[in-house]
Amino acid sequence: MTGVDAAGGVRFERSRARMLAWLAGTLVAVTAAAGAVNALVFDEPWWDLWTVLPVFLLGTVGSYVRIGRQKGLPLLVTPQELVLTRPDGSPLVIERAALAVTEVRRRHLVLVVADPQRTRPVLSAYEWGELGFWNQSRRPRPHEIQLPLFGIRPGVDRLRAALGQVPSRDQVDRATDAR
């Protein structure tokens, strides 16, 4: 990706199989609930869902397309840095020491970059605003990045473990000397 040693890191990608399994399960549950409402409230046969099934299918397909277009993945987590994929497909390398906040909140990876000068490439204020990774429902912090983690492989627990790995002093010194 950017010369980062992938052997020492973990690569996270969106899994089509995980996304489809979750969406299929959701479609089955919503269809069953609609069948129960149809039978109990409207006094119709529970299997008579021809009027709402196309809406459910279109919603499922739309969700799949929208989720597939979410930004930030693939993500490479190494002990020294995180490598995100920008909307244009180019990498954004953030040193772990430059991060003030690194946590998984409600199926989102939240990163707050304390020192934006320690990213590669160094982004201008306009480029940070253009990233568009943050949650649109609230005003973002200037250098906050939120990546949706829906359907990632190898999984959110593995991401938490990878983020919990603190680099040793020797690894930090070797990474600094290599630059």
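Just so it is clear, none of the values below were taken in a lab; they were calculated from the coordinates. Every value quoted in this text rests on a predicted model; they were computed, and no experiment measured them. So basically every Cβ, Gly included, is an ideal-geometry build from the backbone, and we count neighbours across all protein chains shown.
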Low-density loop positions, chymotrypsin sites (Phe, Trp or Tyr not before Pro), the range 1-108 - DSSP coil, at most 16 other Cβ in 10 Å: PHE42, TRP46, TRP47, TRP50
How much net charge surrounds ARG18 when only the other residues with a Cβ under 14 Å from the Cβ of ARG18 are counted, with Lys and Arg +1 and Asp and Glu -1? +3
So, with +1 on the Cβ of K and R and -1 on the Cβ of D and E, and no other charges, what is the size of the charge dipole of the range 12-68 about its Cα centre, to the nearest 20 debye? 460
When the charge dipole of the range 12-68 is computed with +1 on Lys and Arg Cβ and -1 on Asp and Glu Cβ about the Cα centre, the Cα farthest towards its positive end, among VAL61, THR31, VAL41, belongs to VAL61
Quick one: what are the phi-derived ³J(HN,Hα) couplings along the range 114-121, Karplus 6.51/-1.76/1.60 with θ = phi - 60°, whole Hz, x for glycine and proline? 6, 10, x, 6, 9, 10, 10, x
I need VAL110, VAL77 ordered by Cβ neighbour count within 10 Å, fewest first. VAL110, VAL77
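Evaluate the relative contact order of the range 1-111 (contact order divided by residue number), counting alpha-carbon pairs under 8 angstrom at least 6 apart; express in whole percent.
24
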